[in-house]
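The values are calculated or read from the model by the stated rules, or taken from the named source; none is laboratory data. Worth saying up front: this structure is predicted, and the values here are computed from it rather than measured. Here the Cβ positions follow ideal geometry from the backbone for every residue, glycine too, while neighbour counts run over all protein chains shown. Please note that ligands, DNA and RNA were not included when accessible areas were found on the heavy atoms of the full protein model with its side chains. Shrake-Rupley method; radii C 1.70, N 1.55, O 1.52, S 1.80 Å.
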Amino acid sequence: MGNRGVSTIDEISRKLDTMNVGQVEHAAEIRALRVESTAQQKILADHEARVRLLEAQQRVATPIGRP
């Protein structure tokens, strides 16, 4: 019974170690996705700012014609 208990504890320990490694990997993936999302948001914001600037320049450069 002693050996059986030790082997059961060892098996549980291995499973917990595997779960812990999985959690660490999952946390790293989440962090990487957050960084990527932040970078994409910045790119989009920069693009929108450039578009607004170009639109504003276009409005200033285009004279309003009278019919």
Would it be correct to say that Ile43 is modelled with pLDDT under 95 and not polar (S, T, N, Q)?
-> no
Which pairs do you get when a residue that is on the phi < 0 side of the Ramachandran plot, found in the range 21-44, comes within reach of a residue that is open to solvent by less than 100 Å² (accessible area, probe 1.4 Å) and modelled with pLDDT of 95 or more, reach meaning Cβ atoms under 8 angstrom, with the pair 6+ apart or on two chains?
-> none
